[in-house]
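Trainee: Please read through the structure below; I'll follow up with questions.
Read-outs throughout are calculated quantities, based only on the coordinates presented, and are distinct from any laboratory measurement. No experiment lies behind these values; they were computed from the predicted model shown.
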Amino acid sequence: MLKEALEFIFNSANIAANPVPSMRMTGARQRIVTLNGFDTEEELEAPRISRTANTLNSAALLIERFKGELPTVYLGESGVHAMLDDEDRLEDVRMNFELSDQYNVLLELKHGVSQKDLVKILRTKLAGCVSHENFLSIVRQLEFDVNRGSRGEVQHTKESLGRTVEKNVRAKAGEMPEELRITLPLFSIPHDIPTEITLVCAVTIDIDNEKISVETTGDSLIRERKRVLGSIADRLQQVLPEDAKLVFGSFVNTNNSVVL
């Protein structure tokens, strides 16, 4: 009995020291909290809804369905982002641009790959992308020659016998071009607009390691990326609600700041 009485006293004291507030809703986002006989009005944060689109048309449709104030739509190299809000909700519409597999493969070629790997890439992932019609045949029939021979030297009355190594490449199917034009899609998302870019690329043969590298030259990549972004902006202007504002920039997730 004594134990139960002590537990009751302890629990009663704990409840008195830490009272539980009562709440009642007075509106969609308003409530009154009662604590120790005092009422406090509170406004609840709007619920957040995030929607993702894979096409410019679907992004525009999601934005158009919003019945509140027309938003500012931000467009950057990372994608499209629109924040929508009214008294009842905060809605987020995003379309993240995804770089195409072909583009990612091309970027890796600047590090150099073996002859065998380059042939495979040209036949599969970059099929139809290279403007030089004989480039695949040239790469396939390249021969890396390593000739080793004896050489004699006399240095300060001492004779030494060493080995000479002569390395060269023979292109049996034609001369290896120094430059290529490669056309490929920059993005795989969005799906509903062409994002092809044409890049001037330098071809380099590493004889020692028997590798071939292909790398973009000059500012062709920067110019092409800007051109594609401009075509996406033009398309968005056509499909977005008439009064929507389009701004070049993108949101940073940490604090919802805009980078222009």
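Trainee: Under a 5 Å amide H to amide H cut-off, with H placed in plane at 1.01 Å, what residues pair with residue 98 once short-range neighbours are removed?
Mentor: Close amide H contacts, sequence-distant or interchain: 188, 189.
Trainee: Let me ask something additional. Take the residue pairs 125/226; 125/211; 116/226 and return only those whose Cα atoms are more than 28 Å apart. Don't skip to the answer; put the middle values down first.
Mentor: On the way: 125/226 24 Å; 125/211 18 Å; 116/226 34 Å.
From 125/226; 125/211; 116/226, over 28 Å: 116/226.
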